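Some notes on the structure that comes next.
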Amino acid sequence: MNFDFSDEQKQMRDEARKFLAEKCPPKAVREVLDGKAPYDKTLWKGLAEMGFLGVAIPEEFGGAGAGHLELCVIAEEMGRANAPVPFSSTVYLAAEALLLAGSDAQKQKWLPKIASGEAIGTLALFEGKGNPSPKAIKLQASGGTLSGVKKPVPDGAIADFAVVAARTGSTGRDSDISLFLVDLKTGGVEAKSLTNVDPTRGQAELTFKNAKAEPLGAAGDGWSILTQVLDRAAVLLAFEQVGGSDRALEMGRDYALDRIAFGRPIGSFQAVKHILADMYVSATLARSNCYYGAWALSTNASELPEAAAAARISATQAFQHCSKNNIQVHGGMGFTWEFDCHMYYRRANTTALTLGSLSYWEDQLIDRMRKKNAA
């Protein structure tokens, strides 16, 4: 079985890397980090023009009609560049929810806008601290309107629409949860930006006050759909994390070769070699799990739940490990604002919580393996 990407997919990766190297250098990331703009609008427009936003969206809905393998390739390069755009919230979450459960009318309305960069989407799931759970969802749906608060919502302050998880029953079962589609620009929703460790990946609090909403998918199927969306997003975000891990490793390696101490490059010292070797091992292990997840995602294999959890766990661990040790290799300079190490450390810790904590996905992997073995 060949888990490697095809020559065409590798060519797409090279094109994405070249584009992002030119349009998204560290200086561009810092402009968002230091400035007031919530994201890089020029880069977002460029991604749309390159066809990257709609790479997995069918051609009938304005996309490139490529597939999830191609999206995995793009996701890795987005993570490598630390791109300050709402790519994950719009493409991994909102678009995937629409593709899974949207009606033709809903797809026709929003997917072409996503592909063209005209619309930013998000998933409003969390309602405070904690991990994804049907019991944690309190926001109420009644009479075609939603009332309640969602936070944190990725890129919620700049989103044009949101897929919202709401409670429609009181039986205590997963079927109490349904999904709704809300146009955030039509009123009834207040957005407030939240302080975040990584300002280039914004978070917001959305307050729904009898906001008009239309069902997304069948009533009572919300949690089932969400589970599938989160599994898909877990694989895609894992590729971002692997891209960030590799870049952090490269930064540490390059510094270790250039920095001279006691008349020799610090990379020649055994202790530094050990740090870099450990970084390489964690990043390579994560890549292996991500490739397995990509295969499961692209083929809609029955192994996707386990593969997604494994990719999410290993990539989260790798990105946190590599970004932290990149700072360590740089020494005192690595802790300064002037060096770029902290930007990847910020992103590593933000993405570690985006879809639920590391412990949540570890529990998911164990539970899914137990159920599969029991069957």
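The values are calculated or read from the model by the stated rules, or taken from the named source; none is laboratory data. Just so we're clear, the structure is a prediction, and the values are computed from it rather than from any experiment. All Cβ positions, even for glycine, are placed from backbone atoms using ideal geometry, and neighbour counts span all protein chains on display. Protein only, heavy atoms only, side chains kept; ligands, DNA and RNA dropped before computing areas. Shrake-Rupley method; radii C 1.70, N 1.55, O 1.52, S 1.80 Å.
With the requirement that a residue be part of a loop (DSSP other than H, G, I, E, B) and free of Cβ contacts under 8 Å to residues at least 60 places away in the same chain, what does the range 183-205 give you? Please lay out each step first, then the result.
First, pick out the residues of the range 183-205 that are part of a loop (DSSP other than H, G, I, E, B): 184-188, 195-202.
Passing the criteria: 184, 185, 186, 187, 188, 195.
Counting only residues that are free of Cβ contacts under 8 Å to residues at least 60 places away in the same chain and in a loop (DSSP other than H, G, I, E, B), which one in the range 219-254 is surrounded by the fewest Cβ atoms within 10 Å (Cβ to Cβ)?
219
Just checking, does the range 313-333 include any residue being part of a helix (DSSP H, G or I), in contact with a His (Cβ under 8 Å, 6 or more places away or on another chain) and open to solvent by less than 70 Å² (accessible area, probe 1.4 Å)?
Taking the range 313-333 as the starting set, the residues that turn out to be part of a helix (DSSP H, G or I) are 313-333.
Subset that is in contact with a His (Cβ under 8 Å, 6 or more places away or on another chain): 327.
Next, from what is left, pick out any that are open to solvent by less than 70 Å² (accessible area, probe 1.4 Å): 327.
Yes.
Please verify whether the range 357-365 includes one or more residues that are of a type in the set (D, E, K, R), open to solvent by 40 Å² or more (accessible area, probe 1.4 Å) and closer than 22 Å to residue 88 by Cα. Please lay out each step first, then the result.
Here is the first cut: in the range 357-365, the residues of a type in the set (D, E, K, R) are 362-363.
From what is left, the residues that are open to solvent by 40 Å² or more (accessible area, probe 1.4 Å) are 362-363.
If we keep only those that are closer than 22 Å to residue 88 by Cα as well, we get 362.
Among the residues of the range 357-365, at least one is of a type in the set (D, E, K, R), open to solvent by 40 Å² or more (accessible area, probe 1.4 Å) and closer than 22 Å to residue 88 by Cα, which makes the answer yes.
Right, residue 283: in a helix (DSSP H, G or I) and crowded, with 23+ Cβ neighbours inside 10 Å or not? Before you say what the answer is, go through the steps one by one.
Values: in a helix (DSSP H, G or I): yes; crowded, with 23+ Cβ neighbours inside 10 Å: yes.
Here the answer is yes, as residue 283 does meet what is asked.
Return yes or no: is residue 368 open to solvent by 30 Å² or more (accessible area, probe 1.4 Å), under 21 Å from residue 241 (Cβ atoms), in contact (Cβ under 8 Å) with a residue 12 or more places away in the chain and of a type outside the set (A, V, I, L, M, F, W, C)? Steps first, please.
Details: open to solvent by 30 Å² or more (accessible area, probe 1.4 Å): yes; under 21 Å from residue 241 (Cβ atoms): yes; in contact (Cβ under 8 Å) with a residue 12 or more places away in the chain: yes; of a type outside the set (A, V, I, L, M, F, W, C): yes.
Answer is yes for this residue.
Are there any helices (runs of 4 or more DSSP H) wholly within the range 1-88 with 1 or more residues that are open to solvent by 50 Å² or more (accessible area, probe 1.4 Å) and modelled with pLDDT under 95, and if so which? Walk me through it before giving the result.
Values: elements: 7-23, 26-34, 41-50, 68-81.
Where helices (runs of 4 or more DSSP H) fall fully within the range 1-88 and carry at least 1 residues being open to solvent by 50 Å² or more (accessible area, probe 1.4 Å) and modelled with pLDDT under 95, they are 7-23, 26-34.
Go through the range 260-279 and give me each residue that's open to solvent by 50 Å² or more (accessible area, probe 1.4 Å) and in contact (Cβ under 8 Å) with a residue 12 or more places away in the chain.
278
Quick one: which strands (runs of 3 or more DSSP E) sit completely within the range 119-182 and have at least 1 residues that are at pLDDT 95 or above and farther than 25 Å from residue 199 by Cβ? If you could, list the steps in order and put the result at the bottom.
Working: elements: 121-124, 140-142, 145-154, 161-167.
Output list reads 140-142, 145-154, 161-167.
Quick one: in the range 150-166, which of the residues that are hydrophobic (A, V, I, L, M, F, W, C) and open to solvent by less than 10 Å² (accessible area, probe 1.4 Å) is farthest from residue 92 (Cα to Cα)?
The first filter runs over the range 150-166 and keeps only residues hydrophobic (A, V, I, L, M, F, W, C), leaving 153, 157-159, 161-166.
Of the ones still in play, those that are also open to solvent by less than 10 Å² (accessible area, probe 1.4 Å) are 153, 159, 161-166.
Details: 153: 14, 159: 14, 161: 14, 162: 13, 163: 12, 164: 15, 165: 16, 166: 20 Å.
Selected residue: 166.
Somewhere in the range 335-344, is a residue in a loop (DSSP other than H, G, I, E, B), more than 13 Å from residue 245 (Cβ to Cβ) and among the hydroxyl-bearing types (Ser, Thr, Tyr)?
Here is the first cut: in the range 335-344, the ones in a loop (DSSP other than H, G, I, E, B) are 336-340.
From the residues that got through so far, the ones that are more than 13 Å from residue 245 (Cβ to Cβ) too are 336-340.
Then drop every residue that is not among the hydroxyl-bearing types (Ser, Thr, Tyr), which leaves 336.
Looking for residues that are in a loop (DSSP other than H, G, I, E, B), more than 13 Å from residue 245 (Cβ to Cβ) and among the hydroxyl-bearing types (Ser, Thr, Tyr), one finds at least one in the range 335-344, hence yes.
Collect the residues in the range 134-149 that are farther than 22 Å from residue 360 by Cα, touching a residue at least 60 places away in the same chain (Cβ under 8 Å) and surrounded by fewer than 19 Cβ atoms within 10 Å (Cβ to Cβ), keeping them in residue-number order.
144, 145, 147
Please specify each residue of the range 98-129 satisfying the condition of being among the small types (Gly, Ala, Ser), over 17 Å from residue 218 (Cα atoms) and either touching a Gly at 6+ places or on another chain (Cβ under 8 Å) or open to solvent by 50 Å² or more (accessible area, probe 1.4 Å) (or both).
Passing the criteria: 115, 116, 124.
Any residue in the range 188-196 that is at pLDDT below 95 and either buried (at least 18 other Cβ atoms within 10 Å of the Cβ) or under 18 Å from residue 349 (Cβ atoms) (or both)?
yes
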